[in-house]
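Engineer: Pasting in a structure now, in structure tokens, and then I'll have a few things to ask.
The values are calculated or read from the model by the stated rules, or taken from the named source; none is laboratory data. These numbers were taken from a predicted model, which means no experiment stands behind them. Cβ atoms come from the backbone with ideal geometry, glycine included; neighbour counts cover every protein chain shown. Accessible surface is based on the protein model in full, side chains and every heavy atom, while ligands, DNA and RNA are left aside. Shrake-Rupley method; radii C 1.70, N 1.55, O 1.52, S 1.80 Å.
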Amino acid sequence: MTNTNEPRKQNMNRKFYITTPIYYVNARPHIGHAYTTIACDTVARRQRMLGTDTFFLTGTDEHGQKIERAAQAAGKTPQQFTDEVAGEFRALWQRMGISNDDFIRTTEERHKKRMQELFRRIRDNGYIYKGRYTGQYCFSDELYVDGAKPGDPCPICGRPTETVEEENYFFKLSAFQDKLLELYANPDFIRPETRRNEVISFVRSGLRDQSISRSTFSWGIPVPDDPKHVIYVWFDALANYITAIGFGSTDAGEQETFEKYWPADVHMIGKEIVRFHCVYWPAFLLAAGLPLPKAIMAHGWLLFEESKMSKSRGNIVRTETILDVLGTDALRYFLLREVVFGQDGSFSFDALVQRYNSDLANGLGNLASRTLTMINRYFKGEVPYPSHAATRTAADDVVREKAEWTMSECSQFFTDYQFSAALESIWIRLIATVDKYIVENEPWALGEKQDEDSRSRLATVLYTSAEALRIATALAHPVIPDATAKIWVQMGLGDIKKFDLSTLKWGQLHLGTKLGNIEPVFPRADKSAVERMQQMEDQQRGSTVEEAKIVAPQPPAAQPAVMAPAIPSADRGKITIDDFAKIELRVGVVKVAERVPKADKLLRLEIDIGTEVRQVVAGIAEAYAPETLVGRKVVIVANLAPRKLRGLESNGMIVAASPEGGKPVLTGFLEDVPVGARLK
Ligand SMILES: [Zn+2]
């Protein structure tokens, strides 16, 4: 390969620091954790392949009352308990070949000392003070719920909050409102856009100072100079992003590492922890006088056959099951291909096996084995040289053009974390084109002929196919590292990790390159694969239900629908027309409908009632899929006092018939009615 020196040198001056959230050890690792980690691993691998000096951090979050209680329930010390679960995370990442450069545990000495240094620095800068706190607290989420009354549900998990009174250290979050809003003016700081808008409206609504210490339990990092208090677990956890790379260390080498890698290029997170990362974390850093991360990217939830995986549903999929049956690459490819990064995505064993067979076994795997087998058979295992212009056809050029297009498009998609689009480009634009090219040019028929024209045509077809295969393999390597490394070796190209992706271009495959041993990289999965995975999961579930109950006490059953009849029924006495006139019923049209996380029955709707758009939370999720409601006209009680359901304000109520024991049925009209019309 030529001209590789220049870009390599340039890139080595660039650094890239990427983090996963550190995973809370109240849960065993599951596919949701694997999803975030795989996305980060893919980005890190691609950056390294481009010659960027890359640091990829993951780890575990191990303090807080929830852990203390879980350890107690399991009859273990918190240290034993956290050692065990952190060990499981580490082992899983090793098994999956995750390429993290460090694994930080918040119970490590290095983290504790440096976290205390961060606390001191913020206190010395005048942003931490002591005060009293009385209020509602969710022990499950370790969260103070502002403005809640005793017994109100937690906005995140719906469990009842408990009243606590404590003398605490407070962080002056209120001092950072304007600075944070300035920060969000940069559209790349929080992605995707929906999350950015949520954060902006939260911060605009006003920030209150936050309690950042606890004195009612001891499993945490002691507040410097006041060890009766431990540091709030979220504050403690967020700091891992700087403590792991040497912030607050007295060692010169570690300080240098910190200077080199901080600020992070991207914190990759799940959408449920956006507020902590986009509001509190930048505020802590501003208070400490430290640079801010460049970007925060929030991905959506992984749903299992359309419903959210959760311990209480018992439908969490273990990563190990998939690794056992189909391997790591299959899982990586499926998650990044099937789910549009940033949005919720659905997981099912059927879809996984289908994707595996169509794209990996029949797609890339088949392209590699048929192309390389023919080079073996017809050219003694050496890459033939494409013939001269005379026998070239337009089809040859099409493959080359598609490959070039894919290379440039992919680069942009990966940079924007659009994994799904990048893979679609490789598979649909490039691999499908080459497949078609091979079928149409029939190299197996050319191979039967001995005349010079046929030989030369055969050489061109196989060279073109092999070169496209090489490009697809290089582009896909960050996503499916194992299989692509094998294909690379089979193509006689050596260690794919040594390939500089920034130099990738058409025509680098050399004449006479000697192929290695050819073996299938993705054996086809048969129908029993789905069954086997389901059986493994069922067995596993039987044995973990008890444990899950210990770790996460079940929330009370979800509040039933907002369907209570709005109009007093006749048997409670007659009402006057004036009474009825008090109820403002209006026709609205549904603009947005989506499920409410962790609430089976609830949908969040945005309903246009002519004069305004209302948010209404309605208990109709079991009767109507959200996508079927958009555009539908409904009747709403428009003057109902607002109320909160699962932390969401509901401004009005949808009217539906509620048959005894049946599902609610929305009101509708046989004739067209204008939006905003009043029912009277
Ligand atoms: Zn909660």
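Engineer: Taking ILE518, is it more than 16 Å from PRO386 (Cα to Cα) and open to solvent by less than 10 Å² (accessible area, probe 1.4 Å)?
Structural biologist: So ILE518 does not fit the description; no.
Engineer: Looking only at the range 281-295, which residues are open to solvent by less than 20 Å² (accessible area, probe 1.4 Å) and outside any loop (DSSP other than H, G, I, E, B)?
Structural biologist: Within the range 281-295, TRP281, PRO282, ALA283, PHE284, LEU285, ALA287, ALA288 qualify.
Engineer: Within the range 98-111, does at least one residue satisfy the condition of being surrounded by fewer than 18 Cβ atoms within 10 Å (Cβ to Cβ), touching a residue at least 24 places away in the same chain (Cβ under 8 Å) and touching an Asp or Glu at 6+ places or on another chain (Cβ under 7 Å)?
Structural biologist: Yes, there is a match, as at least one residue in the range 98-111 is surrounded by fewer than 18 Cβ atoms within 10 Å (Cβ to Cβ), touching a residue at least 24 places away in the same chain (Cβ under 8 Å) and touching an Asp or Glu at 6+ places or on another chain (Cβ under 7 Å).
Engineer: Filter the range 579-600 down to the residues that are assigned to a loop (DSSP other than H, G, I, E, B) and on the phi < 0 side of the Ramachandran plot and list them by number.
Structural biologist: LYS582, ILE583, GLU584, VAL596, PRO597, ALA599, ASP600
Engineer: Of these, ARG355, ARG337, which one is open to solvent by 20 Å² or more (accessible area, probe 1.4 Å), under 18 Å from THR484 (Cβ atoms) and without any contact (Cβ under 8 Å) to a residue 40 or more places away in the chain? Give the derivation first.
Structural biologist: On the way: ARG337 fails: without any contact (Cβ under 8 Å) to a residue 40 or more places away in the chain.
Of the residues listed, the single one that is open to solvent by 20 Å² or more (accessible area, probe 1.4 Å), under 18 Å from THR484 (Cβ atoms) and without any contact (Cβ under 8 Å) to a residue 40 or more places away in the chain is ARG355.
Engineer: Let me ask something else. For the range 610-644, give me the residue count where each residue is over 25 Å from ASP579 (Cα atoms) and of a type in the set (S, T, N, Q).
Structural biologist: Total satisfying the criteria: 2.
Engineer: Related question: Quick check on the range 447-459. Is at least one of its residues within 17 Å of SER369 (Cβ to Cβ) and in a helix (DSSP H, G or I)? Outline the logic, then answer.
Structural biologist: Taking the range 447-459 and keeping what is within 17 Å of SER369 (Cβ to Cβ), we get 447.
Filter again for in a helix (DSSP H, G or I), leaving none.
Scanning the range 447-459 turns up no residue that is within 17 Å of SER369 (Cβ to Cβ) and in a helix (DSSP H, G or I).
Engineer: State yes or no: is ALA368 under 23 Å from ILE426 (Cα atoms), open to solvent by 70 Å² or more (accessible area, probe 1.4 Å) and out of contact with any Cys (no Cβ under 9 Å at 6 or more places or on another chain)?
Structural biologist: Numbers: under 23 Å from ILE426 (Cα atoms): yes; open to solvent by 70 Å² or more (accessible area, probe 1.4 Å): no; out of contact with any Cys (no Cβ under 9 Å at 6 or more places or on another chain): yes.
Criteria not met by ALA368.
Engineer: Residue by residue through the range 405-454, note down the ones that are more than 41 Å from the chain's Cα centre (by Cα) and open to solvent by less than 80 Å² (accessible area, probe 1.4 Å).
Structural biologist: Matches in the range 405-454: ASN441, PRO443, ALA445, LEU446, GLY447, ASP451, SER454.
Let's see how each residue does on (1) in contact with a helix residue (DSSP H, G or I) (Cβ under 8 Å, 6 or more places away or on another chain); (2) without any contact (Cβ under 8 Å) to a residue 60 or more places away in the chain; (3) part of a loop (DSSP other than H, G, I, E, B):
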residue	(1), (2), (3)
TYR463	no, no, no
ILE471	yes, no, no
LEU493	yes, yes, yes
PRO520	yes, no, yes
ASP526	no, yes, yes
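Engineer: Sort through TYR232, TYR241 and tell me the only one that's under 23 Å from GLY59 (Cα atoms), surrounded by 18 or more Cβ atoms within 10 Å (Cβ to Cβ) and within 16 Å of the ligand (Cβ to nearest atom).
Structural biologist: TYR232
Engineer: Would you call LEU118 buried (at least 21 other Cβ atoms within 10 Å of the Cβ) and of a type in the set (A, V, I, L, M)?
Structural biologist: So LEU118 passes the test.
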